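Sharing a structure, written as structure tokens. Questions coming.
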Ligand SMILES: [Zn+2]
Ligand SMILES: [Zn+2]
């Protein structure tokens with residue numbers, strides 16, 4: 001078991017004195033690994049607070065490069081890193097925040113062929129992606145690996161947060177949404193507006209859920225948090241049902257209904273476009 | 001009225017296409033000024049998203065210097081700026097995020113003698129401080145200036161958010177809490193534990209409220225948001241009453257009950273200690 | 001018998017319903033005397049409240065993939081139930097019910 | 001007559017009450033036959049539920065400065081009322097009431 005270095009007692013002092021964290025919690029954080037898929041609007045704030053809290057190993061998967069239009073919300077990137085892979089740019093910023101942790105940037109696209117291998121080394125997966133197919137791929141892979149998936153999403157003034165595949169009974173993304181919506185209905189990455197601070201709130205909450213999972217502070221009850229910055233009240237929590245026995249991904253053998261189609265995973269933003277013909281369109 | 005530069009259409013494109021922001025909203029953000037009091041756990045994420053969104057002028061008031069124990073949550077500071085004034089360190093990071101805005105670091109303590117003068121130039125005030133006396137000083141000053149005050153607070157796993165002095169009828173901090181709690185009961189700055197991501201969530205929400213105020217997206221109804229990271233549900237919203245006619249700060253002339261004592265403002269963390277004798281202790 | 005219910009649209013679905021997230025509605029009785037159920041409500045909303053782009057709300061006789069339907073989600077108590085637990089579209093509405101339609105978000 | 005009420009402590013006040021934020025309580029009738037009001041509840045909580053440091057909960061015959069008391073705050077509807085609107089300590093409790101005690105936070 002790793003121990004804290006002397007200066008870590010000073011660095012993490014304010015969380016070391018928390019009931020529920022303490023020295024054992026800090027050692028757990030230091031020994032744990034979290035992978036953040038997507039170093040964009042959600043990934044940046046999530047990475048920031050995971051790094052600051054002392055999570056020992058942070059993987060960052062993103063194959064995009066930084067553009068000027070990202071800087072309005074992706075606060076780990078700067079004008080200096082325009083054109084650099086986001087995974088690298090975010091890793092540099094994360095190491096500035098905490099030079100004592102290990103950051104592993106991965107600048108390849110997450111694909112059905114490499115997802116299991118890329119995600120396997122990590123204790124917790126954060127879904128900070130910006131598109132439906134990768135969300136299904138991440139959920140199905142998290143089920144296969146038995147890894148909890150902290151899923152965030154944000155559009156316009158709205159956000160959503162959920163921990164999928166939580167413990168023995170927690171539902172997966174596919175339990176709630178068995179079939180993906182048609183790609184032509186969800187808008188491409190470019191079209192949808194987003195206020196930066198909304199991604200900030202959700203990404204922050206994702207880091208927090210990861211920290212709760214690692215330190216044992218999660219209550220084990222799956223719920224969906226819905227955020228709407230312009231509504232009153234802005235937050236709603238919805239208790240979720242258990243894992244669905246008929247779920248094509250996480251259901252029990254013999255009860256599964258439907259199959260997981262590889263077409264569910266097509267279309268990473270900026271990647272291959274969906275096969276419209278195959279969808280009868 | 002200032003106009004956007006050509007590259008700003010690219011930089012802010014994702015929020016320019018939002019219903020409710022658009023070009024007029026972006027121009028309002030660019031023409032507006034926000035002052036963040038406290039460049040700590042709440043101030044850092046707030047500054048970050050105000051800067052990224054293109055708020056034209058950001059004042060940062062903090063007289064502390066960066067310490068290693070801050071880095072677990074104050075994500076604009078780094079090991080390189082240990083020993084530097086937080087206002088300066090945060091300003092440097094804010095300019096990295098957005099070189100096109102004006103950042104005004106102010107490294108002096110906010111005191112009853114200078115509060116009016118320091119805060120007067122700004123359209124919105126963010127209370128990101130860490131102590132009770134400064135919260136009263138900020139609220140009373142915001143009332144005197146007629147400026148909305150976006151107040152955040154965070155301790156341990158809990159946070160609170162409220163916009164005080166909102167519009168004609170919104171209550172001030174003193175309407176809700178007429179008398180400060182005794183300093184010996186609230187704990188000093190050092191003693192209280194705090195999880196970084198909790199300050200992140202609240203600081204982010206403060207930036208968001210400021211952006212709503214500036215762009216006219218605030219619904220004008222005062223409410224208190226209560227956050228508890230370990231509770232289910234984690235957020236509760238509480239509608240607040242109107243301004244209290246008897247409030248010693250914002251009440252109507254002739255109806256005010258009680259007076260504002262200068263002792264309410266004593267004890268900036270690391271500053272002068274309260275006069276225990278005067279308090280009969 | 002007509003029913004008074006609340007309907008809430010979230011995750012951008014309000015854009016399809018005159019950009020209004022909350023609606024207090026009086027749903028008329030069914031014409032065939034059967035109890036009004038969720039499926040009846042969904043089609044009634046299409047015919048009477050939907051302002052645009054039906055395909056973003058209904059597909060194959062139910063809400064399109066990516067929409068979650070909740071009945072009487074009670075905040076705080078956390079005892080909301082999503083509609084699959086209630087027999088999906090067969091859930092019989094009663095006066096005072098609150099039905100929430102949430103579209104899953106995918107942006108990041 | 002005894003009353004069944006819920007009491008919630010937030011903002012760190014749960015630490016004074018066995019670290020438990022939510023309590024379902026049965027409050028006995030007053031001994032003098034007067035209706036049980038908020039002031040009665042506050043003292044009953046002190047005598048029966050408080051586990052430590054009374055001065056962090058009560059001062060000068062009411063809750064200490066920095067504590068907000070809400071009666072039947074209904075989430076979502078946003079129609080909670082804080083107790084000053086209800087005549088402060090004179091508010092008469094009824095069965096089913098939810099009373100929330102919130103300590104203001106000051107950290108940052
Ligand atoms: Zn499943
Ligand atoms: Zn007032």
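Laboratory data are not the source of any read-out in this text; all were calculated from the coordinates shown. This structure is a prediction, so every number in the text was calculated from the model and none was measured. Backbone-built Cβ (ideal geometry, glycine too); neighbour counts: all protein chains shown.
Over chain B, what relative contact order in percent results from Cα pairs under 8 Å that are six or more residues apart?
That works out to 18 percent.
State, as an integer percentage, the relative contact order of chain C based on alpha-carbon contacts under 8 Å between residues 6 or more apart.
The value is 38 percent.
Continuing with this model, one more query. Could you state the angle between the C-alpha long axis of helix A:132-145 and the longest principal axis of the C-alpha atoms of chain A, as a value from 0 to 90 degrees rounded to the nearest 10?
For helix A:132-145, the angle is close to 70 degrees.
So how do B:137, C:49 line up by other beta-carbon neighbours within 10 Å, fewest first?
Taking fewest neighbouring Cβ atoms as first place, the list is C:49, B:137.
Also, quick follow-up: Kirkwood Rh over alpha-carbon pairs of chain A, then Stokes-Einstein at 10 °C and 1.306 mPa s: what D in µm² s⁻¹, rounded to an integer?
82 µm²/s
A further question on this structure: Return the Rg/Rh value of segment B:91-154, two decimal places, where both radii are evaluated on C-alpha atoms and Rh is the Kirkwood radius.
Value, to two decimals: 0.99.
Run the label-point distances for residue A:67 please: 7 Å along Cα to Cβ, every other copy, nanometres, shortest first.
The projected label point of residue A:67 is separated from its counterparts by 4.5 nm.
Which residue in B is nearest the B/A rotation axis when you measure from the C-beta atom, and what is the distance in Å?
Chain B residue with minimal Cβ-axis distance: B:235, 2.
Take every Cα-Cα pair in the protein assembly as shown and report what % of them are more than 41 Å apart.
31 percent
Would you please put B:106-113, B:36-43, A:118-125, C:30-37 in order of how densely packed they are, using the mean number of other Cβ atoms within 10 angstrom per residue and starting with the highest?
B:36-43, A:118-125, B:106-113, C:30-37
Give me the angle, in degrees from 0 to 90, between the Cα long axis of helix A:86-97 and the longest principal axis of the Cα atoms of chain A, rounded to the nearest 10.
20 degrees
Hey, what does the equivalent ellipsoid look like for segment D:2-103, semi-axes from the Cα gyration tensor as sqrt of 5 times each eigenvalue, largest first, whole Å?
18, 17, 14
Using just the helices of the protein assembly as shown, give the 222 nm mean residue ellipticity in deg cm²/dmol: DSSP H runs with n ≥ 4 each add -39,500 (n - 2.57), and the total is spread over all residues, rounded to 500.
-7500 deg cm²/dmol
Shielding by partners for B:239-252, please: the mean number of other protein chain Cβ atoms within 10 Å of each residue's Cβ.
Other-chain Cβ atoms within 10 Å of each residue's Cβ, averaged: 2.
Dimensions of segment B:85-218 along principal axes (Cα, Å, largest first)?
44, 36, 31
On a 0 to 90° scale, report how tilted helix B:43-53 is relative to the longest principal axis of chain B, with both axes built from alpha carbons and the result rounded to the nearest 10.
It is inclined by approximately 30 degrees.
Also, quick follow-up: Quick one: what do you get for segment A:34-130 if you divide its Cα Rg by 2.2 N^0.38 Å?
0.97
Measuring nothing but label to label, 7 Å from Cα along Cα→Cβ, what are residue A:167's distances to the other copies in nm, shortest first?
Inter-copy label distances (nm, one decimal, shortest first): 4.3.
Right, something else. Hey, got the average number of other protein chain Cβ atoms within 10 angstrom for residues in A:145-156?
Across A:145-156, the average partner-chain Cβ count within 10 Å equals 3.
To continue, here is another question. Can you list, shortest first and in nm, the gaps between the label point of residue A:22 and those of its counterparts in the other copies, using a point 7 Å from Cα in the C-beta direction?
Output for residue A:22: 5.7 nm, nearest copy listed first.
Other chains' Cβ within 10 Å of D:10-20 residues: what's the mean?
That works out to 3 on average.
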